[in-house]
1. In what order do PHE3, PHE112, PHE141 fall by count of nearby beta-carbon atoms within 10 Å, going from fewest to most?
2. Would you mind counting up the charge near CYS74? Only other residues with Cβ under 11 Å from its Cβ, with Lys and Arg at +1 and Asp and Glu at -1.
3. May I ask you to compute the full-extension gain from TYR114 to GLU79, defined as 0.36 nm times their residue separation minus their alpha-carbon distance, rounded to one decimal in nm?
4. For a Förster distance of 30 Å, can you work out the FRET efficiency between the beta-carbons of THR132 and GLU69, rounded to the nearest 0.05?
5. I'm checking a number: the convex hull volume of the Cα atoms of region 72-159, normalised per residue, in Å³. What is it?
6. Where does the charge balance sit around LEU110 when Lys and Arg score +1, Asp and Glu -1, over other residues with C-beta under 12 Å from its C-beta?
Amino acid sequence: MDFLDSIKNHLPFIGGSVAEDEYDDDYEEDDMVEEEYDERPKRSVKKSAPKVSMFRSNRRSDADNEAREVATICPQSFEDMKKVTDKLRDNVIVILNTEACDVDLARRSLDFCYGTIYALDGDCEPISVSQTNDPCGIYLFTPYQTKITTDSNNGDSKEEEDY
């Protein structure tokens, strides 16, 4: 039985005697480790919301308190259409006169302006349009939060539909 006694002494979990102090030391070390975790400062994680920027957010926001501008633009080439977009983004009302333009330039200019108005949430109204089907005429384009109202023949004021 010497063999079994030697195994019991070397392997306490099989049935040999276990020193109580060995386990107590292990538990004390575990308690100290837990205390160390408790003493660490807790960091709060701040999640910042992504910055949302509107297309027109970098422009004048207090347009109601300022005098309104009206710009008249008579395009000579399609490159002049950038002026219309810049004016509308700056909250300026634009009157586009395409009466002196050829039909192709007038059509392209109007398509561009209607796209700009749609993107900027503005409004538009034809003021004077030729009787033929060509797009040459005078058009009013207004920026965001500028309503266009027209008076009908009977004097009632109504708001025009979007085009």
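Derivation of every value follows stated rules applied to the coordinates shown; laboratory data play no part. Only a predicted model underlies this, so the values are computations on that prediction, with no experimental measurement involved. Reconstructed Cβ throughout: ideal geometry from the backbone, glycine too, with neighbour counts over all protein chains shown.
1. PHE3, PHE112, PHE141
2. In short, -1.
3. Taking 0.36 nm per residue and subtracting the Cα distance, the gain is 11.0 nm.
4. That gives a FRET efficiency of 0.40.
5. In region 72-159, the Cα convex hull volume per residue is 94 Å³.
6. -1
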